[in-house]
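Student: Just dropping this structure here.
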Amino acid sequence: MPVLSLGVLGAVPSLVIAWRRGTRADWVTALAFGFAMVGWWFQAALTPVDTEGWQAGLDFLLLAVSTAGAAVHCLTVKQQAAESR
């Protein structure tokens, strides 16, 4: 979901993991991805289309965390669950 939605729904899988497992680390991770997702929404809404410099870098960083970071988190959790069986 994070990759298909380009980070717009990046926190959703982490929230589902946190809801199901309920550990503090899962909730902190879901909260971090939620903040990154909301930050990216504001950054995308408030910056001009042809942005350069630090604003473009921040936009890319937030998009990368929301997309790739959330996807890697989900794959890591899934892999850990498979190894613990």
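The values are calculated or read from the model by the stated rules, or taken from the named source; none is laboratory data. Everything quoted here is computed from the prediction, not taken from an experiment. Don't worry about glycine lacking a Cβ; one is built from the backbone with ideal geometry, like all the others, and counts go over all protein chains shown. SASA here: full protein model, heavy atoms, side chains in, ligands and nucleic acids out. Shrake-Rupley method; radii C 1.70, N 1.55, O 1.52, S 1.80 Å.
Student: Counting just the residues of segment 13-27 that are within 13 Å of C74 (Cβ to Cβ) and touching a helix residue (DSSP H, G or I) at 6+ places or on another chain (Cβ under 7 Å), which one comes out most open to solvent (accessible area, probe 1.4 Å)?
Tutor: Across segment 13-27, the extreme among qualifying residues is L15.
Student: Additional query: Which of the residues spanning segment 39-65 are surrounded by 10 or more Cβ atoms within 10 Å (Cβ to Cβ) and among the acidic types (D, E)?
Tutor: D59
Student: Among the residues of segment 13-43, count how many are over 27 Å from A56 (Cβ atoms) and of a type in the set (F, W, Y).
Tutor: Number satisfying all stated conditions: 2.
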